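Engineer: One structure follows; several queries about it will come next.
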Amino acid sequence: MKKLFTFLFIGSMIASCSNDELNEVNEPETAVDLETQVAEGLYDNSNLGIYEGVFTTLDGKQRATVLIEMNGKDNPLVAFGFPDGQLKSFRSDAKASKASDDAIQFSGEDFSFDFSVEEDGSNPIVSNAIYMGKEGDVVIVKETSKAAVETKTGTYRCLNGCEDHPDLGKGGTQTFNSIATSDGMGNGADFILQVTLKNEVFPGTMTQTNCVANGRGATTCDLSGTIQGGSGPADVTGEHTYDNDNIEQFEDCSTLRGQWVYDSAWFGESSLVFESDSASGEECI
């Protein structure tokens, strides 16, 4: 996914420039430099750098991954990546300077939102998110040299026990997005969840354990965690299968799937299944 956004960043930069060949040659170097500098820790304690997250409309009908790049020279760039491969990018209304915690406004053809972060890069917040007239929600974290970030969109649907629930019983799919704060690889990797229900977003977390080679060229790990629903907690269990060895058959694949059981104090117990979207069109098996 990161390679995809880097390509998008370069394409957007070149498209916004004149036909000056020197600029066209230099812009890709700028894009590469930012990612390299982040990996080297130059922005670990700065408001500048790279932020990654997930977006959903509150009705759970639209979802996307989010990337914000702030280099202190150009107006910050945001890119939204949709499950169908569609990409939308635009720049903020003003530049972001180093060691500034002023809110930054982004406004594009379909999106608008405000972004704020502390001077040291902590507590990044996206507020007032609107997509094509619909209210949305963004959860976002800062990428550092110590904590690579991997974002995934996904959905959930009812498996059984939803008949008495006024929203889950209506069928259809809802958003089940996730952010891995340590690249999503290996034992102990943590995930932040973004789950929608009845025009609300509920937070959750998962932790990864028991990672083993599955004998088919990829690694499979157990997932467990909780979601705080509107009228009670939900327990999450599942699996994360991924390839981190660049095996051609499963290059860059990563699939999360499983079940969560929502024990509502009002409507009883419902079982739901979730699965991440496949960014490359191929799933890990």
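The values are calculated or read from the model by the stated rules, or taken from the named source; none is laboratory data. Model, not experiment: these values are computed from the prediction. Here the Cβ is made from the backbone with ideal geometry for all residues, glycine too, and neighbour counts use every protein chain on show. Accessible surface areas use protein heavy atoms only, side chains included; no ligands, DNA or RNA. Shrake-Rupley method; radii C 1.70, N 1.55, O 1.52, S 1.80 Å.
Engineer: Go through the stretch 108-158 and tell me which strands (runs of 3 or more DSSP E), entirely inside it, have 1 or more residues that are under 30 Å from V261 (Cβ atoms) and touching a residue at least 12 places away in the same chain (Cβ under 8 Å).
Structural biologist: Numbers: elements: 111-116, 125-131, 134-142, 150-152.
Filter on the stretch 108-158 gives 125-131, 134-142, 150-152.
Engineer: Do the conditions hold for N160, that is, is it more than 24 Å from V149 (Cβ to Cβ), under 20 Å from the mean Cα position of the chain (by Cα), modelled with pLDDT of 90 or more and open to solvent by 20 Å² or more (accessible area, probe 1.4 Å)? I'd like the intermediate steps shown before the answer.
Structural biologist: Numbers: more than 24 Å from V149 (Cβ to Cβ): yes; under 20 Å from the mean Cα position of the chain (by Cα): no; modelled with pLDDT of 90 or more: yes; open to solvent by 20 Å² or more (accessible area, probe 1.4 Å): yes.
Criteria not met by N160.
Engineer: While we're on this one: If I go through the stretch 118-143 residue by residue, how many of them are open to solvent by less than 60 Å² (accessible area, probe 1.4 Å) and under 17 Å from V54 (Cβ atoms)? Give the steps one after another, and end with the answer.
Structural biologist: Step one: filter the stretch 118-143 for residues open to solvent by less than 60 Å² (accessible area, probe 1.4 Å), giving 121-122, 124, 126-127, 129-131, 136-143.
If we keep only those that are under 17 Å from V54 (Cβ atoms) too, we end up with 124, 126-127, 129-131, 136-143.
Number of matching residues: 14.
Engineer: With respect to S100, determine if the residue is out of contact with any Ser or Thr (no Cβ under 8 Å at 6 or more places or on another chain) and modelled with pLDDT of 95 or more.
Structural biologist: On the way: out of contact with any Ser or Thr (no Cβ under 8 Å at 6 or more places or on another chain): yes; modelled with pLDDT of 95 or more: no.
Taking the combined requirement at face value, the residue does not satisfy it.
Engineer: Now, a different point. Could you tell me whether T241 is touching a helix residue (DSSP H, G or I) at 6+ places or on another chain (Cβ under 9 Å), part of a strand (DSSP E or B) and open to solvent by less than 80 Å² (accessible area, probe 1.4 Å)?
Structural biologist: yes
Engineer: Here's another thing I want to ask about it. Limited to the stretch 194-225, what total is found for residues that are open to solvent by 70 Å² or more (accessible area, probe 1.4 Å), part of a strand (DSSP E or B) and not small (G, A, S)? If you could, list the steps in order and put the result at the bottom.
Structural biologist: In the first step, residues of the stretch 194-225 are kept if they are open to solvent by 70 Å² or more (accessible area, probe 1.4 Å); the result is 198-200, 203, 205, 210, 212-213, 215-216.
Retained after the next criterion (residues that are part of a strand (DSSP E or B)): 200, 203, 205, 210, 212-213.
Applying the additional criterion that residues be not small (G, A, S) yields 200, 203, 205, 210, 212.
Residues flagged as open to solvent by 70 Å² or more (accessible area, probe 1.4 Å), part of a strand (DSSP E or B) and not small (G, A, S) within the stretch 194-225 amount to 5.
Engineer: Related question: When residues of the stretch 76-107 are filtered for being farther than 18 Å from R63 by Cβ and either open to solvent by 40 Å² or more (accessible area, probe 1.4 Å) or not in a strand (DSSP E or B) (or both), how many remain?
Structural biologist: 15
Engineer: Looking only at the stretch 90-112, count every residue that is more than 22 Å from T144 (Cα to Cα) and touching a Gly at 6+ places or on another chain (Cβ under 8 Å) and tell me the total.
Structural biologist: 1
Engineer: Among the residues of the stretch 243-264, which ones are at pLDDT 90 or above and either of a type outside the set (S, T, N, Q) or in contact with an Asp or Glu (Cβ under 8 Å, 6 or more places away or on another chain) (or both)?
Structural biologist: T255, L256, R257, G258, W260, V261, Y262, D263
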